[in-house]
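For reference, the structure is listed below as structure tokens.
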Amino acid sequence: MAGNLTDTIKPVVVDKDGKVYTLVLSEAKDGITYNADVLSKYNIKPPQTFEELLAAAETLKTSSGGQITPFFMSGVDNGMIGQFLDQYATSLFISPAQNDAQSLLDGNFDWNKWAELAQKTA
């Protein structure tokens, strides 16, 4: 089983001498992946908010003349887009000081906001 570890998980569970510290039974491929060296090259800090993510993506796209794909989201299965929406819905609709928490609780949430979030994945 240890011989089947992917290259993406090995640095997390294997030391420099090749000793495996835990056997990974499954590996999540969710979330958004970025290349820290590319961000550094363009003087961009890793995004902490959805707005920062969009701004960083635009900077990378523009500054590279469209040669860099700014961020990657796995398409290994249909659930990946749902994971993206889950991750960013909270930071957009619940976490900010002025948020939509009460409208979500009382059934008055403006679902057009959700559509805007989904459209930004394109």
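The values are calculated or read from the model by the stated rules, or taken from the named source; none is laboratory data. Quantities reported herein were computed from a predicted structural model and do not represent experimental measurements. Note that each Cβ is placed from the backbone with ideal geometry, even for glycine, and that neighbours are counted across all protein chains shown. Surface areas here come from the heavy atoms of the whole protein model, side chains and all, with no ligands, DNA or RNA. Shrake-Rupley method; radii C 1.70, N 1.55, O 1.52, S 1.80 Å.
Structure notes:
- N112/K16 FRET efficiency (R0 35 Å; Cβ-Cβ; nearest 0.05): 0.10
- Using the 1.4 Å probe convention, the accessible area of segment 7-122 works out to 72 Å² per residue with neighbouring protein chains retained.
- Shape of the chain, Cα gyration tensor, a/c cut at 1.5: oblate
- Taking each DSSP H run with n ≥ 4 as -39500 (n - 2.57) and averaging over every residue of the chain yields -12000 deg cm²/dmol at 222 nm.
- Tilt relative to the chain, helix 79-93 - C-alpha long axis, 0 to 90 degrees, to 10: 50 degrees
- Degrees between helix 50-63 axis and first principal axis of the chain (Cα, 0 to 90, nearest 10): 70 degrees
- Averaging the sequence gap over all C-alpha pairs within less than 8 Å and six or more residues apart, then dividing by the number of residues, gives segment 1-119 a relative contact order of 20 percent.
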